[in-house]
Amino acid sequence: MRIIYFGTPEFASSQLEAIISAGYEVVAVVTAPDKPAGRGKKIQSSDVKMTALKYDLPILQPISLKSADFIEELSSYKADLFIVVAFRMLPEAVWSMPPMGTFNLHASLLPQYRGAAPINHALINGEKETGLTSFLLDKEIDTGAILLQKKLEITDDETAGTLHDKLMLLGNEVVVDTIKIIEEGRVNAESQEMIIQRDNLVLKPAPKIFKEDCKIDWSDDAVSIRNFIRGLSPYPAAHTKIVSENNDVIELKIFDVSIEEKVHDDNNLYQLITDGKTYLKVILKDCYVSIKVIQQAGKKQMPISDFLRGARLEGCWSVKF
């Protein structure tokens with residue numbers, strides 16, 4: 001079985017390694033064009049390209065997936081199966097090309113959390129379980145018939161970063177097992193629309209997250225605030241501003257907090273309390289949210305104790321909406 005693999009980031013490079021290690025023939029790899037990155041604007045290749053180079057695989061880096069030249073080159077490999085992980089949406093002329101079809105790996109239990117950021121949104125919504133789904137591509141994003149699913153528990157201290165890594169490893173199994181199902185003719189694809197109707201599902205979307213979506217709403221309940229922060233940690237990171245009584249403003253990214261469920265009679269909601277050395281807490285209605293790990297604009301990520309030693313928050317400070 002001849003396979004062409006489509007992918008770009010680290011998540012996808014892990015599955016490419018797994019496919020090759022399982023002995024399947026990858027005849028070409030399609031990935032994003034090289035681009036400048038970082039302060040020095042040094043040209044950087046994708047993780048998938050670096051893996052392809054390691055195994056001396058042919059690499060295609062089209063600017064346009066609809067280009068006649070690209071489609072002709074793709075067709076020349078006479079692949080039986082296309083596999084897509086963390087890549088752009090493919091035009092029908094591409095995904096309908098191989099005789100065994102094209103399947104995608106998605107980091108949720110479809111049909112829930114369709115979209116670009118399923119890992120983040122599952123955590124933000126406080127889910128206790130997620131997983132991976134392999135499914136056949138069709139004309140709409142993340143709606144194709146399901147081939148295989150594997151579930152994964154979400155722990156209370158999970159972050160987007162740790163969950164990403166767990167799903168990446170689980171994805172190796174799902175991709176290889178899906179290839180086996182197709183290779184052995186055991187495909188029993190299940191319609192997502194049938195699942196939605198059968199289980200009377202209310203769908204939860206997972207749209208792309210932009211910087212303006214990452215601002216912390218301190219008027220929310222403490223559990224939702226913590227879920228929001230861990231769902232965006234370490235990237236793209238929840239952010240807030242703290243402001244002094246003299247209108248000094250410090251912008252912060254927040255990566256970790258804990259909840260102190262302590263009944264208090266402090267009516268100074270959203271003010272900060274600190275000993276200036278070890279803790280920084282936000283006063284909420286029925287508890288305190290203790291900030292553990294932060295990053296100040298232009299500086300590195302650090303524990304709150306390091307920040308407090310340098311910031312010296314004197315006087316009255318509060319979080320800004």
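Take the Cβ-Cβ distance between Ile141 and Asn267 as r, set R0 to 41 Å, and report the resulting FRET efficiency rounded to the nearest 0.05.
Efficiency computed from Cβ-Cβ geometry: 0.30.
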Most positive-pole-ward Cα, Gly115, Gly298, Ile19, against dipole of the chain from beta carbon charges: Gly298
Could you please state, rounded to a whole Å, how far the C-alpha centre of segment 137-158 is from the C-alpha centre of segment 172-217? 3 Å
Residue among Ala117, Ala107, Ala68 with the largest mean-square fluctuation in a Gaussian network model of the chain, springs linking Cα atoms under 10 Å: Ala68
Relative contact order of the chain: what whole-number percent is it, with Cα pairs under 8 angstrom and at least 6 residues apart? 13 percent
Taking only C-alpha positions in segment 161-212, Rg and Dmax in angstrom work out to 15.8, 47
Which translational diffusion coefficient, to the nearest whole µm²/s, is obtained for segment 168-289 from the Stokes-Einstein equation, given a Kirkwood hydrodynamic radius over C-alpha pairs, 20 °C and 1.002 mPa s? 115 µm²/s
List the residues, sorted by chain then number, that are 5 or more residues from Lys215 or on another chain and whose placed amide H is less than 5 Å from its amide H. His239
At a 1.4 Å probe radius, carbon and sulfur cover how many percent of the accessible area of the chain? 49 percent
Given the convex hull of the Cα atoms of segment 214-267, what is a quarter of its surface area in nm²? 4.4 nm²
Two-decimal Rg to Rh for segment 1-48 - Kirkwood Rh, Cα set: 1.09
Taking the chain as a Gaussian network, where each spring joins two C-alpha atoms under 10 Å apart, which residue of Val293, Val202, Val27 fluctuates the most? Val202
Considering only Cα-Cα distances, which of the following residue pairs are longer than 21 Å: Lys215/Lys281; Lys42/Lys253; Lys151/Lys180; Lys253/Lys281? Lys42/Lys253
Note, ³J(HN,Hα) from phi for segment 103-111, Karplus 6.51, -1.76, 1.60, rounded to Hz, x at Gly and Pro: 10, 10, 10, 10, 8, 7, 8, 4, x
Output ³J(HN,Hα) for segment 113-128: one whole-Hz value per residue in order, computed from phi by the Karplus curve 6.51 cos²θ - 1.76 cosθ + 1.60 with θ = phi - 60°, and x for Gly and Pro. 6, 6, x, 7, 10, x, 5, 4, 5, 4, 6, 4, 7, x, 5, 9
Cut-off 10 angstrom, C-alpha nodes, Gaussian network model of the chain. Which of Asp34, Asp138, Asp217 fluctuates the most? Asp34
How many percent of Cα pairs in segment 81-144 exceed 21 Å? 25 percent
Rounded to one decimal in Å, the inverse mean reciprocal Cα-Cα distance for segment 1-88, i.e. its Kirkwood radius, is 13.3 Å
Helix by helix, which DSSP H runs in the chain go 24 Å or more along their axis at the Cα atoms and have an average Kyte-Doolittle hydropathy of -1.0 or more? 160-183
So the compactness index of segment 71-116, its C-alpha Rg divided by 2.2 N^0.38 Å, takes the value 1.29
Accessible area in square angstrom per residue, the chain, 1.4 angstrom probe: 52 Å²
Points 7 angstrom from Cα along the Cβ direction at Gln296 and Glu153: gap in nanometres? 4.0 nm
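The values are calculated or read from the model by the stated rules, or taken from the named source; none is laboratory data. Just so you know, these numbers come straight off a predicted model, no measurement behind them. Note that each Cβ is placed from the backbone with ideal geometry, even for glycine, and that neighbours are counted across all protein chains shown. Remember, those area values only see protein heavy atoms, side chains included, never the ligands or the DNA or RNA. Shrake-Rupley method; radii C 1.70, N 1.55, O 1.52, S 1.80 Å.
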